[in-house]
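A short worksheet on the structure shown next.
Here, each number is a calculation from the coordinates, and none is a lab measurement. Since the structure is predicted, the reported quantities are computational estimates derived from the model, not experimental observations. Note that we place each Cβ from the backbone using ideal geometry, even for glycine, and neighbour counts take in every protein chain shown.
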Amino acid sequence: MNTKDLKNISKLSGIKMSEDELASLEADLEKIRAMADAMAELDLGDATASHGVSVSELRADVPQKAFEHQGLTDAAPLCEDGYVKTVSVKGDGL
Amino acid sequence: MMQEDILKMGINEAALALRSKKISSVELTRACLERIDQNADTGAFITVCRENALQKAKIADQMIKNGENLHILTGIPMAIKDNICTKGIRTTCASRMLEGYIPTYGATAAEKLSDTFAVLLGKTNMDEFGMGSTTENSAFGATHNPLNKNLSAGGSSGGSAAAVSGGMAFYALGSDTGGSIRLPAAFCNLVGLCPTYGAISRHGLIAYASSLDRIAPIAKSAKDCKLVFDALKGADPMDQTCQYPFTTSSKSVTGDLKNVKIAVISQFLDQKMDAGVKNAFSSTLLRFKELGAQVEYVSVENVLHSVGAYYVISCAEASSNLARYDGVRVGAIPDGICAENYHEFIQEVRGKMLGKEVRRRIMLGTFMLSDENREKYYKNAVKFKNHITVALESVLDRYDLILSPVYADTPPALGNFEKSPVSFYEKDVFCLPFSLAGLPSLALPCGELAGGMPVGIQISAKKFCEDLLFDVAQIYEEALK
C-alpha cells in the first residue's frame, strides 16, 4: 500500500490526515492486512448453525416495557397512496 | 463510620448498613465524592454529578426511612462509562466530537439502575468511542491505575475500573467489545463481566461495533457483579438483539467444583506471555484442581486468528457507525474551519475532532469494506466469526467452562500505546475469541505479581450461563481467602 492508496482511503473515510500521520499509519495497516491475509487463507468450510437462540423475537411470556415512542408515531402524519396528508399540529408551531 | 471502612464495603454489606440505619445513602455518597476529589489525578471521571447524586441519595434515604420494599441497589453510589447515554447528563464518549452532547434519553441499562434508585456519581473516562486497551486515547486525558499511578488502568473501560478500585464508587458500568471490561478488571484487581451478547440491552450505548458491543458491570467481587447483572439483564423491545431467556440450562454448583469440567485452550499457552502471568495462571489451574474441578487441555484450531477477524469486523462496523459524526448531522464543529465544499468540510471536521486511534480504525474499516477487499477480508472475517463460535460451543458441549488468562502481560506503563498500537491489539488474543462467539466471560483476580500488581483470569461458559460463572467465581474467591 502506498501513500496514494492511503490518501484515497482517507478521502473515502472523510478524514483529513497529514503526510506524517499517513506515513505512520502505513506500517500499522500493513500489519493488520497481514493478519487478515493469513485468516483469508484458512480453509474454514461451511460453519454449521450456531447453538442457542439465534432469532430475535418478542416473547409473550416476558412483560415488555411500554413503547415510549408510541406518542410520536401516533402524532405522525397520515399517508394516503404514499402521499402525506396534511394534519393540524397542536402547539405554538414555528 | 470512617471513610476507609465505608468504601471497603461490598454492595450487600452497604445495603444492610443502609437498612439497619448504621449509615445513610447521603453519607455513602459524600464518602465517594470526597474520594473522587482526593483521587482527581487518576482521571477516572469525565463528569461528576455532585448535586444530582446527593439529591438521589436523599430520596433513597427517605424511601429507607419509610420502610418501603427496596431494591438491593437502592442508595448505593455507582458510576457509568461515558459511552452509555444518561438522560440530561453529558455523555461524551471521551471524544471532542461529543464534548457537549447531553442525551434526551437514557440507555435501558442506565434507566434500569435509575429505577432502583441507585445513586449515579458521574460518567467515567474511557478510550475514545471504546477504541483502545489502556484508556490513553481519551480527549480528556489518560486514566491512571489507582494501584500504581504510572501504569494503565486498562481499557477501554479504564475509568470505570479505576473508580471502583480507587474506592470512588461501589460498582460501575462499562462496555466490552473486545475485552474492554475484562482487561481493566484484571489490571485493577476487580471482577468484570462480559455477558452473553443479547443478555443486557445495548439501547443507548453509543455504538462502536454493534455486533460485538455489550454493557456490563465491574465490581469488587463476583457477588457484587451478579447483583448488578441481575438488575440489568432481560429482554428489551428497544434492542432487537436483546433476548435474555429467563430460564437457562445453567448447571448449579455449591461448596466445591467436584462436578465441574474445565477446558484450557492449549494454543493460548503457546503464546508469548510474561513469566509472572504464566505462573499465576498455572497456580490458578492447580487451585481449581484442588477444589475438585476436572481440568483438561483442548485444541481449538485457528483460535489465534481471532485477532485478525476481530479487527476486520470491528473496524468495518466502526467506519459505518461513526460516519454520522461529520459536524453536520451529528457532532461539534471546531473553530476556524475553512473549506470550499461539503466534502472538504467533513474531512476538516473529522480530522480535527476525532482522535488518532479512532481515525486509524475508521481508515482500516474503510479499506476492509472497499469493493476490492470486501469479499476477501470482511466476508471472510464474518465466516471466521461463525467458525470460532461453532468451535467454542462444541468445546462447551463437552466442558462446563473454558479457563484462560485475560492478558499476556502485566499492566503496561502509560504512554506506550501510541508507539506500537498493533502490538497492543495482538495482546487481546485471549479475550477476542469469546467476544466474537458472543459467549459470556467473567474476569476475576487470581494473584499478585512481585511488584504488587494484580493478575486476572477469565472463565467462559455457554450462552446465557452467567449464573454458573458467578457460582464458580464465588467458590474460587472463598478458596483464595
(message) Need one number for the protein assembly as shown: average projected area of the convex hull over its C-alpha atoms, nm².
(response) 29.5
(request) May I ask which residue of B:Val119, B:Leu232, B:Phe45 lies farthest towards the positive end of the charge dipole of the protein assembly as shown, with charges of +1 (Lys, Arg) and -1 (Asp, Glu) on Cβ and the Cα centre as origin? (result) B:Val119
(request) Quickly work out the B:Ser423-to-B:Arg287 label distance, labels modelled 7 Å from Cα along the C-beta direction, and quote it in nm with one decimal. (result) 3.0
(request) Indicate, rounded to the nearest 5 percent, the antiparallel portion of the DSSP beta bridges found entirely in the protein assembly as shown. (result) 70
(request) Restricting things to alpha carbons, tell me how big region B:400-478 is in terms of Rg and Dmax, in Å. (result) 14.3, 41
(request) Along Cα→Cβ, 7 Å out, is where each label goes; now give me the distance between the ones at B:Ser252 and B:Asn148 in nm to one decimal. (result) 4.2
(message) Spelling out what I want: for every residue of region B:189-204, take phi, set θ = phi - 60°, compute 6.51 cos²θ - 1.76 cosθ + 1.60 (Karplus), and round to whole Hz; glycine and proline get x.
(response) 6, 10, 9, x, 9, 10, x, 4, 5, x, 7, 10, 4, 9, 4, x
(request) Express in nm, to one decimal, how much length is gained between B:Ile337 and B:Ala275 on full extension, taking 0.36 nm for each residue of separation and deducting their alpha carbon distance. (result) 17.2 nm
(message) Past the 36 angstrom mark, what percentage of all C-alpha to C-alpha distances in chain B do you count?
(response) 25
(request) Determine the equivalent ellipsoid of region B:187-315 by diagonalising the alpha-carbon gyration tensor, then write out the semi-axes as square roots of 5 times the eigenvalues, largest first, rounded to whole Å. (result) 29, 22, 15
(request) Quick one: dipole size for the protein assembly as shown, taken about the Cα centre, charges +1 on Lys/Arg Cβ and -1 on Asp/Glu Cβ, in debye to the nearest 20. (result) 960
(request) Please list the non-local residues whose amide H lies under 5 Å from the amide H of B:Asn137, H modeled 1.01 Å from N, same-chain partners needing a gap of 5 or more. (result) B:Glu128
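Rounded to the nearest 5, what is the percent of antiparallel bridges among the DSSP beta bridges in chain B?
On the way: 32 of 48 bridges.
Bridges in chain B are about 65 percent antiparallel.
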(message) Need the full-extension length gain, B:Asn12 to B:Thr116, defined as separation in residues times 0.36 nm minus the C-alpha distance. One decimal, nm.
(response) 36.0 nm
(message) I need the helices of chain B that pass two filters: whole DSSP H segments spanning 27 Å or more by Cα along the axis, and mean Kyte-Doolittle score no lower than -0.5.
(response) B:380-398
(request) Work through the residues other than B:Asp82 whose Cβ is under 9 Å from its Cβ and net out their charges, Lys, Arg +1 and Asp, Glu -1. (result) +3
